[in-house]
1. Would you mind stating whether Asp375 is under 24 Å from the mean Cα position of the chain (by Cα), open to solvent by 60 Å² or more (accessible area, probe 1.4 Å), more than 20 Å from His325 (Cα to Cα) and touching a residue at least 60 places away in the same chain (Cβ under 8 Å)?
2. Please determine whether any residue of segment 257-280 is touching a residue at least 12 places away in the same chain (Cβ under 8 Å), at positive phi and not in a loop (DSSP other than H, G, I, E, B).
3. Go through Ile511, Ile485 for me and flag whichever is surrounded by fewer than 17 Cβ atoms within 10 Å (Cβ to Cβ), farther than 24 Å from Ser434 by Cα and either at pLDDT below 90 or not aliphatic (A, V, I, L, M) (or both).
4. If I ask for residues that are free of Cβ contacts under 8 Å to residues at least 40 places away in the same chain and either farther than 15 Å from Phe162 by Cβ or surrounded by 18 or more Cβ atoms within 10 Å (Cβ to Cβ) (or both), which ones from segment 101-120 would you list?
5. Is it true that Asn385 is touching a helix residue (DSSP H, G or I) at 6+ places or on another chain (Cβ under 9 Å) and not in a loop (DSSP other than H, G, I, E, B)?
6. Would a scan of segment 405-422 turn up a residue that is touching a Ser or Thr at 6+ places or on another chain (Cβ under 7 Å), buried (at least 19 other Cβ atoms within 10 Å of the Cβ) and closer than 29 Å to Ala373 by Cα?
7. What number of residues in segment 385-404 are at negative phi and open to solvent by 20 Å² or more (accessible area, probe 1.4 Å)?
8. Please find, within segment 439-481, the residue that is farthest from Ser419 (Cα to Cα) out of those that are surrounded by 18 or more Cβ atoms within 10 Å (Cβ to Cβ) and among the hydroxyl-bearing types (Ser, Thr, Tyr).
Amino acid sequence: MRIIKVRPFGYMVLCESRLFSCNKPASYVSSGLPSHYSKYFSRIETSGVYILLLIAVASATFFLFVGNAFSVESGFPDNNIRVIKVKAVADEEFRRSADWVEEIEGSIKRSSAFYEEQFGIKYELVQIGEWVSDNNIKDVRTLLSQLKNEVERDGSDIVVGFTGQARNVYKCVFSRTALGIALPFSSYVIVRADRSTGFDYHTMSLVLTHELGHLFGAMHVDGSSSVMSTSINNNTSFRFDDNNSELIKLTKFVDFDKGLLSLSNESLDQLIDKYKDSLEYGFENAPRRLLIGSMYYKRGLVGDAIGQYEAAIKLDRKDPEPLTHLGIAYAENGLLDKAIAVLSKAVRLGSNDGSAHVNLGMALVRKGMLDEAIDQVEKAMKINNDNPEMHCILGGIYIRKGLFDEAIYECRQALRIRSTYASAYYNMGIAYQSKLMYDSAVNAYKEAIGIEYNNLMARNNLGMAYYEQGFMGKAESEYLKLLQIDPANEMAINNLEAVLLAKREVLICDIE
């Protein structure tokens, strides 16, 4: 009987990465995926290999435009309070005001009071810092990507970036000047204050309230006094329309790390119905269909997701995001040639965060085109070299090519950026084990388990590393621990049987 070793973790994936093998022949079976990876990727299994794809879950984009004032209307508090920790940063233009700190504090305080009264959601400002925005950026979506790439959350739930840039015209899909942007079910927000137009912190509170609504999936409404109106004007009030109020109540406890993946199937079904109903509004249907597709994808309804992504592309052929999602869905269904074709088009259109490059690389890996895959991941890293998942992914591909030293280097780079990155330790363990450097492999697997106690793959390979060194007692102990976590795990059952058989054979030899 052969011990079953899990393939490397970075092969694959975007933040869920992984893959592979060691020098000795073995069957490769994956036991599962660490829970925190789900927020970035979609899992694909082909021929026993898991390919984790980077997926910008629910990345439909919503913008806000300027008008005038507002009024405040009271609502009904929810006794079940959710506290959201906020890190706020201001760019150099915003900080030109002597009162910039007080303006941020005041806008967040006012927005928080409104959310707490209406929904039982309280925003707690835990940190205020500085941020240098790129004055060469011409659109607010790219500015949001810069904020996400350069500003760490530092334990906060969300980051709000305040910009005071006025000379750049931040255009959006409505060809109007955007005052803010947020992605549904994500953790980064941009609020823009153009002081040259008499913008005050009261209006900024309204803009902030609007963008925070998008984090809970709230949608734009047209021709309404709702705070979710597409533009702020004299008729805008400090209130949500009924439909968006229901959406926020439904998604109140969404995990901003996991996005849609943190919502129950029942909640997703309700969201899908609400977003489908919103298509009759006749505007922003492309991002709405993209979001509906992401919900279907999370539900495992890949065919329905593909239909929504294709519809979004017909409505906006210049947006790379629905193409990226469509490519991921094609790959999920094993349509690799189609996946490569649409992901290649997404790359040509541009990828603000490198996700199109990464997912194209993953599709190429599945086609056995490893050099081309490496090229795509490296291009993604040029866009954002401080993304630990990309380094981990590249390390996984290097493992598959047998370039173990290069794989170890990339895993170390990932850990330099995120010291508690279990998958980087996992891939590093595979690389060391492939080099027969068992002490280093054991230490790496233990680090991964220390971060993720239920990391079944790391536990399996730790047992394998002990087995290959002849430490049958330690190997048996690891597989027993694994089975305590997952009693029906066939991989662990088979490997434990192999270890016990080996122990009996050793005993027989000793007796003879």
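The values are calculated or read from the model by the stated rules, or taken from the named source; none is laboratory data. In this text, all values refer to a predicted model and were calculated from it rather than measured experimentally. For neighbour counting, all protein chains shown are included, and Cβ atoms are generated from backbone atoms with ideal geometry for every residue, glycine included. What goes into the accessible areas is simple: the full protein's heavy atoms, side chains included, and nothing from ligands, DNA or RNA. Shrake-Rupley method; radii C 1.70, N 1.55, O 1.52, S 1.80 Å.
1. Here the answer is no, as Asp375 does not meet what is asked.
2. Yes, segment 257-280 has at least one match.
3. Unique residue meeting the criteria: Ile511.
4. Within segment 101-120, Ser112, Ala113, Glu116 meet the criteria.
5. For Asn385, the condition - touching a helix residue (DSSP H, G or I) at 6+ places or on another chain (Cβ under 9 Å) and not in a loop (DSSP other than H, G, I, E, B) - is not met.
6. no
7. First, the residues of segment 385-404 that are at negative phi: 385-401, 403-404.
Then drop every residue that is not open to solvent by 20 Å² or more (accessible area, probe 1.4 Å), which leaves 385-387, 398, 400-401, 403-404.
Of the residues in segment 385-404, 8 are at negative phi and open to solvent by 20 Å² or more (accessible area, probe 1.4 Å).
8. Among those residues, the one meeting the criterion is Tyr467.
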